[in-house]
Amino acid sequence: MNRLWTPAWIVRHVAMVVLVAGCLGMGWWQVTRAAGGNAISFGYAIEWPVFAGFVIFVWWREVRQTLRAADPAAAEDTAPSAGAAPSVTVPATPAVRRPVRVVRVPAAPADGADDAELAAYNSYLSWLNANPGARPGDYPG
């Protein structure tokens, strides 16, 4: 339980209280506006308490997750005992792999003719690679 009273958690607790109080206060303000004749405020009067409920839900989920992550009883249950049978090892490679798409690019144009524009572009790229600090406008070709 002490792990919920660290400085970071105290900030989370205070933020939750402030946000819930603010959302409920805004909901009450919208109720008073709706009672004064503003019809659209009825929707907002319902919306603000929903926001407050969402803040409580997220806070409670984080508390439960923190308590479960550092639960010493769960760590003792998963620790292997001396007389227990050896556990099954999980393979290092995953069972499901994503397919790899191999794209084959022809080395030369299909008609056999050299492409002058491609050769000029490759020359430009090799010049840029050889001169890393140069700007494209410095290309001599």
(message) Using a 7 Å offset from the Cα along the Cα-to-Cβ direction at both ALA15 and ALA130, what is the distance between the two label points in nm, to one decimal?
(response) 5.6 nm
(message) Going by amide H atoms built from the backbone, whose H comes under 5 Å of the H on ASN38, apart from near neighbours?
(response) none
(request) Just add up the charged neighbours of PHE57: K/R +1, D/E -1, any other residue whose Cβ is under 15 Å from the Cβ of PHE57. (result) +2
(request) Quick one: net charge around GLY27, please, counting Lys, Arg +1 and Asp, Glu -1 for every other residue with C-beta under 15 Å from its C-beta. (result) 0
(message) What distance in nm lies between label points placed 7 Å from Cα along the C-beta direction at ALA120 and GLU62?
(response) 6.0 nm
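FYI, it's all coordinate maths here, none of it is from the lab. What you see is a predicted model, and the numbers here were worked out from it, not measured in a lab. All Cβ positions, glycine included, derive from the backbone under ideal geometry; neighbour counts span all protein chains shown.
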